[in-house]
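Undergrad: Here's a structure for you.
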């Protein structure tokens with residue numbers, strides 16, 4: 001069944017992303033998880049972490065860049 005295959009592939013991709021996130025710096029991990037797993041707005045992340053929104057954006061940019069590099073061989077990002 002194609003639906004089962006697609007779900008299995010999606011689960012595998014999610015596992016690869018979770019593994020790659022563990023290879024980010026602790027600050028990049030925290031910002032990435034708060035933004036993309038917990039869907040928090042940048043302002044709230046900044047308040048929680050005591051950082052300016054620009055700093056949060058910088059950490060997100062670097063986290064996404066690093067994830068693209070880590071996942072480049074696995075998926076086209």
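No value in this document is a laboratory result; all are computed from the given coordinates. For clarity, every value in this text was computed on a predicted model and none was experimentally measured. Reconstructed Cβ throughout: ideal geometry from the backbone, glycine too, with neighbour counts over all protein chains shown.
Undergrad: Let me confirm something: among 19, 52, 30, 14, which residue is buried (at least 16 other Cβ atoms within 10 Å of the Cβ) and at negative phi?
TA: On the way: 19 fails: buried (at least 16 other Cβ atoms within 10 Å of the Cβ); 52 fails: buried (at least 16 other Cβ atoms within 10 Å of the Cβ); 14 fails: buried (at least 16 other Cβ atoms within 10 Å of the Cβ).
One residue alone meets the criteria, 30.
Undergrad: While we're looking at this one, here's another question. With the condition being without any contact (Cβ under 8 Å) to a residue 12 or more places away in the chain and more than 15 Å from the chain's Cα centre (by Cα), I'd like the helices (runs of 4 or more DSSP H) fully within the chain carrying at least 2 qualifying residues. Let's see the steps before the verdict.
TA: On the way: elements: 2-21, 26-32, 42-49, 53-71.
So the answer is 2-21, 42-49, 53-71.
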